[in-house]
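Read-outs throughout are calculated quantities, based only on the coordinates presented, and are distinct from any laboratory measurement. Note that the structure is predicted; figures quoted are calculated from it, not measured. For neighbour counting, all protein chains shown are included, and Cβ atoms are generated from backbone atoms with ideal geometry for every residue, glycine included.
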Amino acid sequence: MNKSRRIKYDNIIPKTFSFDSKFIDFTDDKKLIQNSQVSEVLNLGKKRLSIFSYLIFILMALLIVKSFKYSTKNYLLIKLSENKDNLMRGMILDRNNNVISGSIPVKDLYLEPNKILDNVNFIDQVRLIFPDIKIEKINNIIKSGKYRLLKKHLSKTEEVKILKLGEPALKFQESQKRIYPQNNLFSQVTGFVSKYGVPKSKLEKSQNQNLEKGQNIYLTLDAKLQNIFYEELKSGMEKFNARAAAAIMMDVNTGEIITMLSLPDYNPNFPNKIKPFSENNLITSARYEMGSTLKTFNVAMALQGNISIKNQFFDVSKPYKLSKNYLVHDVVKLSNQANLNDIFVNSSNIGSIKIFDEIGHIKQKEFFSKLKLDKNLQIEGLKIIRNRLPEKWNQLSGRSLSFGYGASLTPISLVSTYALLVNGGYYVQPKILKNLENKKKRIFSETLSKEIRDLLHDVVINGSGKKAYVNGIDIGGKTGTARKTNNKNYGDKVITSFVGVFPITKPKYIIFILLDEPQNLNSENLYGGNTAAPIFSRILKRIAIDIKIYPKKQLKKELKITKKKSLYNETF
């Protein structure tokens, strides 16, 4: 086969040296010419494909922009209708499989304007069934001529009325409605799903991917205990006319959160009625200067770093000059010389500073880091804000911190740290999702933990925590009171709290109660021991049997203690 081809080339000069175009014989054994032509065709194809792709891209962009004109609700409804399996959203259940959040099948009503039979009476007929639907909405759908949502989540009665109407322009579409059988009880934990299917906050949002697949979420929370906490916390909040209140109960050995409450709250069944700030979960999303509850950390630091400090005596007879313009006082004066136990049980601010001065701010900062208070606490399913510790950690800030000021902690962080101090020295990762693995790591010795437990027990028996006492249950705890800042100065409004651990000889649970700006008492009585501690006591009396804490008739340890009238009033 002759591979030669006659090709006209203007850029090849023949031997005759003629500048006219010539036909020459060219043998293309290596297919150079053919490959060149193929390359030209491919390049042309690529250019055409690029232009075509660019046009497609512009068209798609226009379609996307146009689609954004539709509201989120229409997008989600279309998405839901395309779900061939009509998959029901998963439930959220408590530790005993009580439903906290679930979905039920319902119908939505759509309007197809071009199928309206009676244009004259249509609007009046619809308004008779749905008086809450505005005439303007119906008119706008009719004018658009498009198939649009008219009413979400019809009741059975409304369905029957529409069927009786016999209007082909009104059509049903399968849907689902998120319901919360416990109403307000878990609102600060679950968050809510809007009526258009958008998960707005908390577990509904953080666990949305699993819930959308129909997977159930099992929590460590207990609905029965949560209800008891709710009743007592709300009652206490109303009694003291507090601005807000919070409570949490946690297993100190497993990290399981049994209850978690924050008031004010809201009913997730009615998202349109949620008031400002009622969505805030104070346990995880608020920081407070905790006052005297932080003195436990100060004492633990001292005991860990200096064993002999237990036998030292400190002069607490005079106010402590914290700065040029600020003197630290004790409300109730102790004897001139007080040891560590006296200082802690009677919550002496002056004594706490003097204990700190034996240690110093460098070791204090290291100790707070060991307690993980400088870390961002992570709990799967919940979003937790970070603690705010001193920016300039020096002797001055350290002294303030020794008696509860200069650092703002989240309640969940405080509770986790107390659990570490009383459970034998193990850091336990808090959790609210039931099936997660327990994470436990030893930080302190059992010896230090026992010393802390004994001190906390003494606070309830002889100190500010007497009103937390429950007959027959050995309790340890610490009250807290802290003035709130007002334009960078401390005012008269306070945060009061109580953290209680029980049974203190072998701790199982910890409960924390907080009241924000309690009132209705004389200012000299607005302390954690008079406000938060009694709420703790009422709760524990009601839940003791349910959590298998069986009160003894009389504690042997109590018999050895001489009961004496306390002169104690908790200091700031």
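Worth pointing out:
- Rounded to the nearest 20 debye, the dipole size of the stretch 387-486 about its Cα centre is 360 debye, using +1 on the Cβ of Lys and Arg and -1 on the Cβ of Asp and Glu.
- Computed from phi, the 3J(HN,Hα) profile of the stretch 468-478 under the Karplus parametrisation 6.51, -1.76, 1.60 (θ = phi - 60°) reads 8, 4, 10, 4, x, 10, 7, 10, x, x, 8 Hz, with x in place of Gly and Pro.
- The stretch 291-370: translational diffusion in µm²/s, Stokes-Einstein, Kirkwood Rh over Cα pairs, 20 °C, 1.002 mPa s: 166 µm²/s
- Tensor-based shape of the stretch 457-514 (alpha-carbon gyration tensor, a/c under 1.5 rounded, otherwise prolate or oblate): prolate
- Integer Hz, Karplus 6.51/-1.76/1.60 couplings in order for the stretch 275-282, x for Gly and Pro: 8, x, 6, 6, 7, 6, 8, 5
- Under a 5 Å amide H cut-off, with hydrogens placed 1.01 Å from N, Val494 pairs with Lys484, Glu517 among residues at least 5 apart or on other chains.
- Burial order of peptide ranges 129-140, 350-361 (average beta-carbon count within 10 Å, highest first): 350-361, 129-140
- Sorted largest first, the principal axis extents computed over the alpha-carbon atoms of the stretch 131-216 equal 42, 27, 25 Å.
- The length gained on full extension between Asn121 and Ile51, counted as 0.36 nm times the residue separation minus their Cα-Cα distance, comes to 19.9 nm.
- In the stretch 473-533, Cα pairs under 8 Å separated by at least six residues give a relative contact order of 35 percent.
- Averaging the sequence gap over all C-alpha pairs within less than 8 Å and six or more residues apart, then dividing by the number of residues, gives the stretch 343-465 a relative contact order of 26 percent.
- Distance-filtered residues of the stretch 474-499 - backbone nitrogen under 17 Å, label point 7 angstrom along Asn520 Cα→Cβ: 494-497
- In this rough spin-label picture, where each label sits 7 Å from Cα along the Cβ direction, the Ile179-Phe277 distance is 3.4 nm.
- Over 31 Å between alpha carbons, listed pairs Lys333/Lys383; Lys239/Lys478; Lys324/Lys375; Lys365/Lys506; Lys107/Lys200: Lys333/Lys383; Lys324/Lys375
- Computed label-point distance, nm, for sites Ile362 and Lys234 using a 7 Å Cα→Cβ extension: 5.4 nm
- Distances between placed amide hydrogens fall under 5 Å for Arg148 paired with Leu111, all partners being 5 or more residues away or on another chain.
- Each peptide in 247-260, 191-204 was scored by the mean count of other Cβ atoms within 10 Å over its residues; highest first, the order is 247-260, 191-204.
- Length-normalised contact order for the stretch 406-462 - Cα pairs under 8 Å, 6+ apart - percent: 31 percent
- Extension gain (nm, one decimal) between Asn210 and Lys143, 0.36 nm per residue minus Cα-Cα: 20.1 nm
- Within the stretch 473-555, the trypsin sites (Lys or Arg not before Pro) that combine a DSSP coil assignment with at most 13 other C-beta atoms in a 10 angstrom radius are Lys488, Lys548, Lys552, Lys553.
- Theoretical FRET efficiency, 1/(1+(r/R0)^6), r = Cβ-Cβ of Lys324 and Lys195, R0 51 Å, to 0.05: 0.30
- At R0 = 30 Å, FRET efficiency that the Cβ-Cβ distance of Asn306 and Ser335 yields, to 0.05: 0.85
- Couplings 3J(HN,Hα) of the stretch 495-501, computed from phi: 10, 10, 7, 8, 10, x, 10 Hz, in residue order, whole Hz [Karplus 6.51 cos²θ - 1.76 cosθ + 1.60, θ = phi - 60°; x for Gly and Pro].
- Ile443 long-range amide H proximity, modeled H, under 5 Å: Tyr426, Tyr427
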